[in-house]
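The values are calculated or read from the model by the stated rules, or taken from the named source; none is laboratory data. Owing to the predicted nature of the structure, the values given are computational and were not obtained by experimental measurement. Heads up, the Cβs are rebuilt from the backbone with ideal geometry, glycines too, and the neighbour counts pull from every protein chain shown. The accessibility values were calculated without ligands, DNA or RNA, using every heavy atom of the protein model including side chains. Shrake-Rupley method; radii C 1.70, N 1.55, O 1.52, S 1.80 Å.
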Amino acid sequence: MRLEEFWGVGPKTSERLREAMGEEAAVAAIENADVRALTDAGVTRGRATRILRRANDEAGMDALATRDARDVYDDLLALASEYALTRHAADRIRVLTPLSDPDAVVERLDAVEAARDAWEGLDEASRDAVVAAFDAYDDAEGTERAAVEAVLALREAGLDGDAFDVLGTIDPEAVREAAEALQYVTPSGVGSGADERLDDVRARLDDARELENSAFDVLERIRETGVRDLEDFRRAFVEYVDSETRLTRGAIEEVAPDEAHDAADFVSTALRALVEDLERRETEREREVEADLRESIADAREDVDRAVAAVDDVAFECSLARFAAAHDLTRPTLGGDGLAVEGARNLFLSDPDPVDYAVGDHDLSPPSGDRVAVLTGANSGGKTTLLETCCSVALLAAMGLPVPAERAAVGRFDAIVFHRRHASFNAGVLESTLKSIVPPLTGDGRTLMLVDEFEAITEPGRAADLLNGLVDLTVERGALGVYVTHLADDLSPLPPTARIDGIFAEGLTPDLELRVDYQPRFGTVGKSTPEFIVSRLVANASDRRERQGFEHLAAAVGEEAVQRTLSDVWEE
């Protein structure tokens, strides 16, 4: 496959990748979802992420049928990446996509579940050791040596077994020897400490170079000894260099020239010859040492390669396991023709109330068999939050990840349409919204519709007509849908496979917060209860005239109800 055949790789990007890493390596980086390789080649992180998401599973990305669905998807991956153990693991999490292959969904769920069991099976000290191992790997920029040392640390921490059996296939003694060799093999040659003889030659070479750089000073010091002829000068030169450096007299005498034009020529020629001789010795010894080191690495090459691959894979799976454990996520039951949850929680709230909800066919406790639910009820009652929760559950399950619920049954959807409330009566907004949410219903795949307060984009009477049409179309096309509205009383009779649910506000708390029963009541129309909102405004009014204005509203919505609400608050 050529670079230009990947989504988002145009002429400029492909040219940059070819120049930085070559066509074959660039294609491999995209196919392996290697964000790090693309960013190192000069592609911005955001663009690299978009390219790799499409390369990962373009059909899966097409399931995100609306901007709001894509926003929830981005927010979920951002949240999950907070638990990443390495930078590369965070990059891999950010390019996860809904999976179009059902077998791939099951495979990833299996991997995450096994990784979570392994992670939760560690004690706190072992978990800290695992985190420290990955921190050290990241700090070392993911070198081969860092990968080997991370594998050894992970094994020592107890992170092996079925979930990470790849760690058990690596010979610890072989990679330990390789790690010792790898610490000395660098792109610029053999590092210090690998061989005493090489270090000694380098030390003497440093001394010789220092003298060569100060040849004029050497000449002056020798002249100060009162030398009379060339032989005296030769002897004084050898004694001076011997006293000032770690060079041997024999090495110095060997390079001293027999003839020279003058004293300056003698010094410069001798020192240049000395440096060249030591450079030759350094090169020869470095080749010998590097050959021995690479032989040690070659003996463990398969284990080293497995260690490099294992560290990235284990970091990725363990990061997802940490995400699942931190939010008490549950493996969903896949398949069927519905979306159902018990004890579902919104991942973006700090202390969410769990709810049960469902549309379609399933075996959980909420009502089964309804293709559409029309959700009504209190202002600020959590209706939009419930839609977002349903969207999160559907997306996480599609990516092969556990979901925030005690139990969940999730079918497969080819398109997930999530539309948040966007308050505007602009005709362009209505048109763009219909163009966004209707086409997925007319396609051949299975669609999940999650639409919030459609009436916010047009006048209520016409909104009710449009909402009736959407409900009917959802049922006719065999899709599933949850539609939030305050227009339940204005709707025409719904199809037999559609129901109306309600969320109810029950009053105000002593802190004047709305007290809501977030669990929808199935088959019951909810009320918006504006009297509770007006009651709070009356109680919180900052001056007399402001309070009089809100009291006027209280009379409009039911002064008795407002007084009763405030009386209940004061009593409590």
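Tell me the residue from Ala65, Ala111, Ala90, Ala115 that is among the hydrophobic types (A, V, I, L, M, F, W, C) and under 30 Å from Lys435 (Cα atoms), please. Lay out the reasoning, then the answer.
Working: Ala111 fails: under 30 Å from Lys435 (Cα atoms); Ala90 fails: under 30 Å from Lys435 (Cα atoms); Ala115 fails: under 30 Å from Lys435 (Cα atoms).
Result of the check over Ala65, Ala111, Ala90, Ala115: Ala65.
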Q: Only residues in the stretch 470-484 that are more than 17 Å from Val410 (Cβ to Cβ) count as the first member; pair them with residues that are of a type in the set (Lys, Arg) and crowded, with 20+ Cβ neighbours inside 10 Å, Cβ under 7 angstrom, at least 6 apart or cross-chain, and list the lot.
A: Thr474/Arg371; Val475/Arg371; Val484/Lys383
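Where residues in the stretch 202-240 are of a type outside the set (D, E, K, R) and outside any helix (DSSP H, G or I), which of them is surrounded by the fewest Cβ atoms within 10 Å (Cβ to Cβ)? Spell out how you get there, then give the answer.
To start, the set of residues in the stretch 202-240 that are of a type outside the set (D, E, K, R) comprises 203, 205, 208, 211, 213-216, 218-219, 222, 225-227, 230, 233, 236-238, 240.
If we keep only those that are outside any helix (DSSP H, G or I) as well, we get 214, 225-227.
On the way: Ser214: 14, Thr225: 13, Gly226: 8, Val227: 16.
By that ranking, first place goes to Gly226.
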Q | Residue satisfying all of: in the stretch 510-525; part of a loop (DSSP other than H, G, I, E, B) and under 39 Å from the mean Cα position of the chain (by Cα); surrounded by the most Cβ atoms within 10 Å (Cβ to Cβ) among these | A | Phe522
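For (1) crowded, with 17+ Cβ neighbours inside 10 Å; (2) within 30 Å of the chain's Cα centre (by Cα), each residue gets a yes or a no:
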residue: Gly335; (1), (2): no, yes
residue: Ala373; (1), (2): yes, no
residue: Asn379; (1), (2): no, no
residue: Leu387; (1), (2): yes, yes
residue: Met399; (1), (2): yes, yes
residue: Pro402; (1), (2): yes, yes
residue: Arg407; (1), (2): yes, yes
residue: Ile416; (1), (2): yes, yes
(Q) For the stretch 167-183, give me each residue that is open to solvent by 50 Å² or more (accessible area, probe 1.4 Å) and in contact (Cβ under 8 Å) with a residue 24 or more places away in the chain. (A) Thr169, Asp171, Arg176, Glu177, Glu180, Gln183
Q) Among the residues of the stretch 54-70, which ones are buried (at least 18 other Cβ atoms within 10 Å of the Cβ) and hydrophobic (A, V, I, L, M, F, W, C)? A) Ala55, Met61, Ala63, Leu64, Ala65, Ala69
Q: Specify the residue that is least open to solvent (accessible area, probe 1.4 Å); the eligible residues are those in the stretch 489-509 that are under 22 Å from Ser368 (Cβ atoms) and more than 41 Å from the chain's Cα centre (by Cα).
A: Pro495
Q. Mind checking which pairs have a first residue in the stretch 82-96 that is farther than 16 Å from Val311 by Cβ and among the aromatic types (Phe, Trp, Tyr) and a second that is at pLDDT 95 or above and open to solvent by 50 Å² or more (accessible area, probe 1.4 Å), Cβ under 9 Å, 6 or more apart or different chains?
A. Tyr83/Arg322; Tyr83/Ala326
Q: Check every one of the helices (runs of 4 or more DSSP H) wholly within the stretch 12-130 and list those with 2 or more residues that are among the acidic types (Asp, Glu) and over 25 Å from Ala324 (Cα atoms).
A: 23-31, 58-62
Q: Answer yes if at least one residue in the stretch 493-504 is touching a helix residue (DSSP H, G or I) at 6+ places or on another chain (Cβ under 9 Å) and more than 27 Å from Asp465 (Cα to Cα), and no otherwise.
A: no
Q | Of the criteria (1) free of Cβ contacts under 8 Å to residues at least 60 places away in the same chain; (2) over 24 Å from Asp351 (Cβ atoms); (3) touching a Phe, Trp or Tyr at 6+ places or on another chain (Cβ under 8 Å), which one Arg521 fails | A | (2)
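Taking into account only those residues within the stretch 314-331 that are of a type outside the set (Ser, Thr, Tyr) and out of contact with any Leu (no Cβ under 8 Å at 6 or more places or on another chain), which is most open to solvent (accessible area, probe 1.4 Å)?
Within the stretch 314-331, the match that is most open to solvent (accessible area, probe 1.4 Å) is Asp328.
Determine whether Val562 is in contact with a Ser or Thr (Cβ under 9 Å, 6 or more places away or on another chain) and part of a loop (DSSP other than H, G, I, E, B). Let's see the steps before the verdict.
On the way: in contact with a Ser or Thr (Cβ under 9 Å, 6 or more places away or on another chain): yes; part of a loop (DSSP other than H, G, I, E, B): no.
In short, no.
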(Q) Filter the stretch 111-166 down to the residues that are β-branched (Val, Ile, Thr) and open to solvent by 30 Å² or more (accessible area, probe 1.4 Å) and list them by number. (A) Val131, Thr143, Val166
**Q.** Identity of the residue in the stretch 532-544, assigned to a helix (DSSP H, G or I) and open to solvent by 40 Å² or more (accessible area, probe 1.4 Å), that ends up farthest from Leu387 (Cα to Cα)
**A.** Arg544
Q) Restricting the search to the stretch 241-278, which residues are open to solvent by 50 Å² or more (accessible area, probe 1.4 Å), charged (D, E, K, R) and either over 16 Å from Arg202 (Cα atoms) or part of a helix (DSSP H, G or I) (or both)? A) Asp242, Glu244, Arg249, Glu253, Glu254, Asp258, Glu259, Asp262, Arg272, Glu276
Q. Does the stretch 337-350 include one or more residues that are at pLDDT below 95 and closer than 21 Å to Gly526 by Cα?
A. no
(Q) All but one of (1) open to solvent by 10 Å² or more (accessible area, probe 1.4 Å); (2) without any contact (Cβ under 8 Å) to a residue 60 or more places away in the chain hold for Ala358; state the number of the condition that does not hold. (A) (1)
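Here is a list: Val538, Val484, Val525, Val475. Which entry is out of contact with any Lys or Arg (no Cβ under 7 Å at 6 or more places or on another chain) and β-branched (Val, Ile, Thr)?
Numbers: Val538 fails: out of contact with any Lys or Arg (no Cβ under 7 Å at 6 or more places or on another chain); Val484 fails: out of contact with any Lys or Arg (no Cβ under 7 Å at 6 or more places or on another chain); Val475 fails: out of contact with any Lys or Arg (no Cβ under 7 Å at 6 or more places or on another chain).
The unique qualifying residue is Val525.
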